[in-house]
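Accompanying notes for the structure given below.
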Amino acid sequence: QRTVMLGSGVPAHVSMAGVHRVASLVQRWVLGTHHGSVQPDHLDAYLDEFVFRFNRRTSSSRGMLFYRLLQQAVVTPPVTYGDVVSKNTGESQSDTIAG
């Protein structure tokens with residue numbers, strides 16, 4: 001069921017506060033961490049990192065998270081610059097996830 005919000009009288013920042021919050025966090029992260037210099041070719045990789053961090057921001061087991069991250073880093077083949085850039089065009093050869 002789709003709810004149409006147009007003309008409801010409720011401002012978008014009230015009815016979609018979560019969307020605005022995430023958009024604001026992405027903007028702050030890009031401007032703060034990367035000083036606003038995000039290249040379009042690398043945008044997917046930057047957003048993947050943001051989603052990874054956002055989804056784990058309230059994790060109570062940071063040590064286990066770091067341990068699992070190291071495990072994945074050891075068993076996953078290296079990602080080349082060409083892999084990162086070609087991901088946008090769908091030409092990547094290493095789109096598999098180990099584990």
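The values are calculated or read from the model by the stated rules, or taken from the named source; none is laboratory data. This structure is a prediction, so every number in the text was calculated from the model and none was measured. Here Cβ is always computed from backbone atoms with ideal geometry, including for glycine, and neighbour counts include all displayed protein chains.
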Restrict the check to region 41-51 and report whether at least one residue is loosely packed, with under 11 Cβ neighbours inside 10 Å, small (Gly, Ala, Ser) and part of a helix (DSSP H, G or I). no
Go through region 54-71 and give me each residue that's surrounded by 12 or more Cβ atoms within 10 Å (Cβ to Cβ) and closer than 25 Å to Leu31 by Cβ. Phe54, Arg56
Could you list, ordered by first residue, the pairs with Cβ atoms under 7 Å in which the first is in region 71-84 and assigned to a loop (DSSP other than H, G, I, E, B) and the second is loosely packed, with under 12 Cβ neighbours inside 10 Å, at least 6 apart or interchain? Thr76/Ala98
Inspect all residues belonging to region 87-95 and state whether any of them is surrounded by 12 or more Cβ atoms within 10 Å (Cβ to Cβ), part of a loop (DSSP other than H, G, I, E, B) and at pLDDT 85 or above. no
